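Asks: Would you mind keeping the following structure in view while I ask a few things?
Computed from the coordinates by the stated procedures, all read-outs in this text should not be read as laboratory data. Keep in mind that this is a model prediction, so the values were computed, not measured. A quick note on method: Cβ atoms are made from the backbone with ideal geometry, for glycine too, and the neighbour counts reach across all protein chains shown.
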Amino acid sequence: MSYIVLRHRDIPDLNKLDIYQKNGGFAAFQNAVTKMKPNEVTDVVKNSGLRGRGGAGFPTGMKWSFIDNKNWPHYVVANADESEPGTFKDREIMEGNPFQFLEGLALACYAVGANVGYVYLRGEFWQLAAALDEKLAEMEKAGILGDKLFGGDYSLRIYTHLGAGAYICGEETALLESLEGKRGQPRVRPPFPPAVGLFGKPTIINNVETFTNVPMILANGADWYKGIGTADSAGVKVFSLSGRVRKPGNYELPFGTTFRELIYTHGGGVQDSRPVKAIMPAGASSSLIVVKDEKILDTPMDYATVRTLGGDLGSASIIILDDTVSMDWLVNKTVHFFKHESCGKCTPCREGTYWMSNIIERIHQGQGTTGDVDLLLNVAKQIQGKCLCALGEFSTMAVVTGIERFPEDFKNAVSPAPLPALYVKKNEGMDTERV
Amino acid sequence: MSLVQKYPKEVKQILSKYPPEHKRSAVMPLLYLAQREEGYLTKAAMQDVAKIVGITETDIAALVGFYTLYHDKKEGKYRMQVCTDLPCALRGAEQFMESLCSKLGIQVGETTADGFVTLEAVTCLAACDKAPMFQTQGPDGIKYHENMNVDRTMELISVLRRSGREVEK
Amino acid sequence: MTNQVTLTIDGQQVTVPAGIGVVDAAKMAGIDIPVFCHHPKLEPVGMCRMCLVEIGRPMRDRATGQIVMENDAPKIQFLPKLETACTNKVEEGMVVLSQSAKAKDGQRGTVEFLLTSHPLDCPICDKGGECPLQNLTMAHGPGKSRFLFDEKLRLGKRVPLGDLIVLDQERCIQCARCIRFQDEIVGDSVLGFDDRSRSTRIITFSEPGFDSVFSGNTSDICPVGALTTRDFRFEARPWELESAASICTQCPVGCNITLNTRREARAGGDFVVKRVMPRQNEEVNEIWICDKGRFAHHYTDSKKRLTQPMARKGKSEKLTHVSWDEATKLAADRFSTAKENFVVLASGRLANEDLFNLKSLADQAGGQAYLYSRIGGGELTTQLGVGADTNFGKMGKGTTIVVVASDLYQEAPIWYLRVKQAVDRGATLIVLNPRATKLDQFASFVVRYAYGDEVKEIRDLDRKKEVGEAFKQAENAVILFGSDGLGVEGTSNLAAACAKLLQDKGQVGKPNNGLIGVWERANDQGAWEMGFQVTDDLAGVLAGKSIYVVGANPVGDDPKLAEILNGAAFVAVQDVMETETTEFADVVLPARAFTEREGTLTSGERRVQRFYSAVPPTGEARPDFAITAQLASHIGIVLEGTSVSAAFDRLVGAVKSFEGLNYAKISEVRPQWPIVGRGDMYYGGTTYENTMGLGAHLTGAAERDEKVSLPRAHREIPPRPKHNELLAVPVTRLYDRGTTVMKSADLLRDRIGEPFIALHPDAAKNLGLEGGQLVNISFDGVSGDAVVRLDDTVSVRVVLVPREMGFAIHEPVPAEIRALEKVA
Ligand SMILES: Cc1cc2nc3c(=O)[nH]c(=O)nc-3n(C[C@H](O)[C@H](O)[C@H](O)COP(=O)(O)O)c2cc1C
Ligand code: SF4
Ligand code: FES
């Protein structure tokens, strides 16, 4: 079957305006602006069953319908911060299929009556932002952006905005703060952006991939899209596959595809044909799904089913871990990531991630005790449910599931028993010290 | 010479992206602009940007401190920022980093004697499938270098040294 | 917010105004929910997570939207997660549990997290004893630390944020109260956070550091010992301190303060003032004071204090100790014989009781009473001053505030804050000033004019387009007039113009309407009420007279007056300190400082407030009103000299605007919101609750429906400078070089700075001068050295000459500026 989001893999040079237009590009937008009422656009998206691709999986059409029409102007912001370790899909989309993404953003703007849209890109996407700026200029020249579009009286402008290195700016309210020129620290919610967002005005924020689905939905109809994927999760998802697989990369597949198909049919299997030990379905912030039992791999990947495995599909950044990976090493990685990225605004996350990193570092250096493992677990649980935003929660997922689901890895770490291969490679210096 | 005098076009263009009553939004792009020459933000540059968007120097310093891509100290002309985060580490990023260190004869966070390259370990850059990889932050912006090995990296560095600038892929 | 909601907090039903947060609602009901980042004066941010509680809401049926009932009470649905009580607004039927096991566990967790990187150096911490973190650790904290001590962050213990506030980075818990105070309350972001995650640090990049005249308040609201004031650091433990209610004597705002005292060896075991703290008065200063009020009190225990009555046998003789009776008799004899040549020159820092006795003495002895001030127009504020019950805290939409010829930030800092808050609440602010001032940023309209045009500007105000409208539309209108570039004549005319504007529009004689003079001293308004007059020709008034100088240092401010006093028939000087003026005194009468006595002051808002004595007198010093009474008694004039309240009652009997007041009335307190200064320092900070009196307003002529006839305001044309001259204009600096301030100079050094004059860069260029250069400035016989400051907001024709910088400037005057040596 042909691509819906990663269409550039079917159509060469799709990132050129004329090629994109030759392939039906911006027809949906023109049709919407000239023939549809804004709320009709929202309804189509609602009926398509499209859910947000940024992690939370919130129904997109419903979000759009929450926009506060008593307060103007409205804004739409594309979340292109893509900073979750293991996530690299939005980048490919914006490089390969930029116009479809921008058309989706434009449709969202029309649907909620916004005349300005922003694309918030992580600072590292510097070149990408430059490229997008050129595309936007071309669109303006071609009369797809600007004043009084297609002879009507709808006007629209889209601008890029570069972040500057902060994972937290992917959180929608931190993103808005950053877009307002402030430190990217999350706001108290409620109020939610559709009520109070950018510059205090109603704002819709969606992920790049979410927007990129929209033009196809409007072109082919809600039912067509609903027909793909599962009842719970309609449509296709771009799975970012990484970790210990032979062919890491982005794979666009219908929701409901099994882990096995992704890993073995598409991902070329595990490196050195080792067994899968665990899966992180949503990047560094996800729980560790245990794959003791091979059958787990036959689980269909959709939001509801993955939850039954004690994890979240989130942004579907599938990190594959084989039996050479020791979980204390992994937890050390994730905890240090979150400690580094904590915005520092709220106490449990700021202090907790720092505390956890001290403990896991100690364990990982072989100076830990079994007491430390219990303490680490306890601190992680003390963070849970107390933070201002989800980052704090994220920082505990691998810790808690790692310790609870792979106790032996931590036992090994705090006792001078022989260690798994990769772990030993990583720590030659230290390891020799021990014996 | 002030930013406005030096880059009148760029400044104007940046300001035009945001509602006039929300000039503050322009602060981040302006800081990138101000960081271009020196590779870091001088006090003068910060004051300059503060004036343009109408916030205090303290506000500026608070931003520079929060975002990792702004710098308030002079380092190497090129910052080589290697991703050693989980997914890359699972694909040998840490060994890559180790060997790079020994080749360059510096530790992570240090700068080569000639002040050309500063080696830094950074968190995920959204290129997990193309590890080992790093980005260079230098006079000509930020560029990705993916599926790298030590030799190709040393090659890139010598090219940079010679040409003084990034060569387009 | 008139509509009320009813909710249940810890089993207690409370009915509170809609729209407030749960923490505040609980506080109203006498329930303390622990907080760190939340402060009732600041926007809730939900950062610290100390206020975690369980919140339940009436469950609604999805289909019908009806509230689900369960054995005839609404079914309450609790969220799985704990919520922050500071950010959640009250809702009808809400149920809050702040004491449940789950809530307590959450609170315990937060305290433990905060302690992981806290040094726990309470034994040497100034906050110890009044520290929210300490209190909450006792209440909610874990018994023992699970955090490895060696892994605690080691950070800066003594990081100066500017010269007044010291930051201890280890103690800071990143609640951002200090930052938010500067952002929200002051509107000047000179503090910020550097870095992020656990590396988050407080920083300041302003010059000088922490460039704010309100910096001290941050140490009051800091919930830990992270921000300490330079002069109280390690000075005393809170539980050793006594406290006395007082009123700040530094400016006409009349901030309510508390004097914290302690017995000390250096005072022979007697009490000394250890620190000045704000005392809540929501109608005057809320819970804030400025740094001058907080730090400039050190003159009261200066070595230069006068301790005993002294007299000179002959002009050339030295001053020698005499008895009170001799000293006062000596003066009395000379004054009584002087008759109309008897002149009282009194300062506005004296109490109402002092001024009343002085005025009575002058009247009954046939002399004259002058107020030592360079600002006129008081005879108008006494009649058309703001009406009783005026309260800046109530000004908002519908109120127009006009500030003319005043740099409020420098002249009356807390009024600056109050005006800013009023604007935040929707008030319209019109600023008219010849140069840019900090207040401009909050103004809806800024009007610039040339020095000398102020009267014209005010006259034409309601004829101006939008500005005029903004003023005409106002339900309530207040005008604050100052003396930026004006002398007695200029200010009198300006006041007359303002008064006319208000009277024509009927904006007088009612609350939140009327005229306010931004005076030089705390009780100038009181002096005006009692009929003191001012003069722009002090030399002329004093020449050859028998003079009774009280609380003023004319020679220090204007060396030219030295020979005048030298040639005077007789000079008695009554003051707290030895000054340049006492050197010319035939009799010296030592007075008590305001910390050593009781009395009342009348603020610029015409609010009479009481101050109480905090420390024992210095040497033989006596209260001014008593000294004057004793002096008068020798002439057979009977004044109240023993009971200060009796003296006040006499004043009330004699001065109409005081009618109906007495000590009991001005000592009354009413419940105030927010509730501060109780056991739970974590809520409002260490500021003090007001138990000793909120004061009471004077009435104005309009309220007594007396006819007010206004003098005609005529326009002063300032002299025009010659080509090589500039027009020197007097301006006011908060940190001047006056006697009371300089005694705290070691502390305020960076703020006071060296004597300076300010001119436009181009003006400087024309004169071949550059910033930072030492120059000599001279105008009608006055000459002094000062450093040049460049200021592109002043016009090129003028040079700003701050008052009390060592050379006397009374009104606009052409000045010559010569370069002295160059500075590197
Ligand atoms: C710590 C944190 C990081 C996040 N990072 C991203 C991100 O990089 N990209 C993204 O699209 N959403 C991210 N999100 C989710 C956004 O907050 C938001 O839910 C999403 O952008 C909504 O778009 P969607 O409905 O299309 O998914 C993040 C959330 C959190 C709490
Ligand atoms: S949870 Fe972490 S990232 Fe989120 S607000 Fe709190 S400190 Fe910031
Ligand atoms: S989070 Fe509520 S008081 Fe800090």
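Asks: Quick one: work out Rg over Rh on the C-alpha atoms of region A:1-106, Rh as Kirkwood radius.
Replies: 0.98
Asks: Along the charge dipole of the protein assembly as shown, Cβ charges K/R +1 and D/E -1, which of A:THR369, C:ALA572, C:ALA351 sits furthest on the positive end?
Replies: Value computed over the given set: A:THR369.
Asks: Expressed as a whole percent, how much of the Cα-Cα distance distribution for chain A exceeds 32 Å?
Replies: In whole percent, the share of Cα-Cα pairs in chain A beyond 32 Å is 39.
Asks: Another one. For chain C, with the dipole built from +1 on Lys and Arg beta-carbon atoms and -1 on Asp and Glu ones, taken about the Cα centre, which of C:LEU800, C:GLY619, C:HIS298 lies farthest toward the positive end?
Replies: C:HIS298
Asks: Could you tell me the convex hull volume per residue, in Å³, taken over the Cα atoms of region A:314-390?
Replies: 104
Asks: Taking the beta-carbon count within 10 Å as an exposure proxy, list B:ILE106, C:ILE67 from fewest neighbours to most.
Replies: C:ILE67, B:ILE106
Asks: Right, next: Please report, for the Cα atoms of region C:691-824, the Rg to one decimal and the Dmax as a whole number; what are they, in angstrom?
Replies: Rg then Dmax for region C:691-824, in Å: 19.7, 64.
Asks: In a Gaussian network model over chain A where Cα atoms closer than 10 Å are linked, find which of A:ASP81, A:ASP272, A:ASP409 has the largest mean-square fluctuation.
Replies: A:ASP272
Asks: What value, in deg cm²/dmol to 500, does the helix sum -39500 (n - 2.57) over DSSP H runs of n ≥ 4 give at 222 nm once divided by the residues of chain A?
Replies: It lands at -13000 deg cm²/dmol.
Asks: For region A:23-49 and region C:464-507, compute the distance between their C-alpha centroids and round to whole Å.
Replies: 59
Asks: Tell me which residues come under 5 Å, amide H to amide H, from C:VAL571 once H is placed; ignore anything under 5 positions away on its chain.
Replies: C:ILE547, C:ASP586, C:VAL587
Asks: Considering only DSSP beta bridges with both partners in the protein assembly as shown, what is the antiparallel share in %, to the nearest 5?
Replies: Values: 96 of 176 bridges.
Just about 55 percent of them are antiparallel.
Asks: Would you please calculate the Kirkwood hydrodynamic radius of region C:498-572 over all C-alpha pairs and express it in Å, rounded to one decimal?
Replies: 15.2
Asks: If one puts a single equal scatterer on every Cα of region C:31-146 and applies the Debye formula without solvent, what log₁₀ I(q)/I(0) results at q = 0.10, 0.11, 0.14 Å⁻¹?
Replies: The calculated log intensity ratios at q = 0.10, 0.11, 0.14 Å⁻¹ are -0.39, -0.46, -0.67.
Asks: Name the residues of region A:98-121 whose amide N is less than 19 Å from a point 7 angstrom out from the Cα of A:ASP18 along the C-beta direction?
Replies: Backbone N within reach: A:98-100.
Asks: Just the C-alpha atoms of region C:279-340: what Rg/Rh do they give, with Rh taken as the Kirkwood radius?
Replies: Taking Rg over the Kirkwood Rh, I get 1.27.
Asks: Right, something else. Any number yet on Rg/Rh for region C:535-577, C-alpha, Kirkwood?
Replies: 0.93
Asks: Taking the mean number of other Cβ atoms within 10 Å as a proxy for protection, how do you rank C:529-538, B:20-29 from highest to lowest?
Replies: Averaged packing, sorted descending, gives the order C:529-538, B:20-29.
Asks: Let me know the Rg and Dmax you get for region C:205-344 when you use only its Cα atoms, in Å.
Replies: Both quantities, over Cα of region C:205-344: 21.1, 63 Å.
Asks: Given 20 Å bins starting at zero, what is the percent of C-alpha pairs of the protein assembly as shown in each, up to the one with the largest pair distance?
Replies: All Cα pairs considered, the percentages come to 9, 32, 32, 19, 7, 1.
Asks: How are the alpha carbon pair distances in region C:174-233 distributed across 10 Å bins from zero to the largest one, expressed in percent?
Replies: Histogram of Cα-Cα distances, whole percents per bin: 22, 57, 20, 0.
Asks: Note the angle between two axes, namely the Cα long axis of helix A:98-112 and the longest principal axis of the Cα atoms of chain A, as a number of degrees from 0 to 90, rounded to the nearest 10.
Replies: It works out to around 70 degrees.
Asks: Hey, got the dipole for region A:213-253? About the Cα centre, +1 on K and R Cβ, -1 on D and E Cβ, debye to the nearest 20?
Replies: Details: 5 positive and 3 negative charges, 70 e Å.
In total the dipole reaches around 340 debye.
Asks: Now a separate question. Could you state the orientation-averaged shadow area of the convex hull built on the Cα atoms of region A:224-284, in nm² to one decimal?
Replies: On the way: hull surface 17.5 nm².
Hull-based average projected area comes out at 4.4 nm².
Asks: Rounded to the nearest angstrom and ordered from largest down, what semi-axes does the equivalent ellipsoid of region C:728-806 get from its C-alpha gyration tensor (root of 5λ)? Spell out each step's value before the answer.
Replies: Working: eigenvalues 102, 36, 25 Å².
Equivalent ellipsoid semi-axes, largest first: 23, 13, 11 Å.
Asks: Apply the a/c threshold of 1.5 to the C-alpha gyration tensor of region A:222-359 and tell me whether it is rounded, prolate or oblate.
Replies: oblate
Asks: With +1 assigned to the C-beta of every Lys and Arg and -1 to the C-beta of every Asp and Glu, and no other charges, what is the dipole magnitude of region B:94-169 about the Cα centre in debye, to the nearest 20?
Replies: 220
Asks: Further, regarding this structure: Looking at chain A, what % of its DSSP beta bridges pair antiparallel, to the nearest 5?
Replies: 45
Asks: Beta carbons within 10 angstrom, averaged per residue: use that to sort the peptides C:302-308, C:191-197, highest first.
Replies: C:191-197, C:302-308
Asks: Given the -39500 (n - 2.57) contribution per DSSP H run of 4+ residues, what per-residue ellipticity at 222 nm results for chain C, rounded to the nearest 500 deg cm²/dmol?
Replies: One gets -6500 deg cm²/dmol as the mean residue ellipticity at 222 nm.
Asks: Given N residues in region C:224-289, what is Rg(Cα) / (2.2 N^0.38 Å)?
Replies: 1.22
Asks: Another question, if that's okay. Which percent of Cα pairs goes in each bin when the distances of region C:112-234 are cut into 10 angstrom slices starting at zero?
Replies: 13, 45, 32, 9, 0
Asks: Counting other C-beta atoms within 10 Å, and keeping those with at most 12, which DSSP coil chymotrypsin sites (Phe, Trp or Tyr not before Pro) do you find in region C:200-236?
Replies: Those that pass, being in a loop and sparsely packed, are C:PHE234.
Asks: Using the Cα atoms of region A:131-257 to build a convex hull, what is its mean projected area in square nanometres? Provide the component values of the computation, followed by the final result.
Replies: Numbers: hull surface 46.6 nm².
The directionally averaged projection comes out at 11.6 nm².
Asks: What is the Cα radius of gyration of region B:17-138 over 2.2 N^0.38 Å, N being its residue count?
Replies: 1.24
Asks: When 1/r is averaged over all different Cα pairs and the result inverted, which Kirkwood radius in Å belongs to region C:276-381?
Replies: After inverting the mean inverse Cα-Cα distance, the result is 17.5 Å.
Asks: Right, something else. Roughly how compact is region C:95-174, stated as its Cα Rg over 2.2 N^0.38 Å to two decimals?
Replies: Ratio of Cα Rg to 2.2 N^0.38 Å: 1.26.
Asks: Now a separate question. Taking every Cα atom in chain C, find the radius of gyration and the maximum pairwise distance Dmax, and write them in Å.
Replies: Over chain C's Cα set, Rg and Dmax evaluate to 28.5, 101 Å.
Asks: Averaging over all projection directions, find the projected area of the Cα convex hull of region C:458-554 and quote it in nm² with one decimal place.
Replies: 7.9
Asks: Extending each Cα 7 Å along its Cβ direction at A:SER415 and C:ARG237, get the distance between those two points in nm, one decimal.
Replies: For A:SER415 paired with C:ARG237, the spin-label model returns 5.0 nm.
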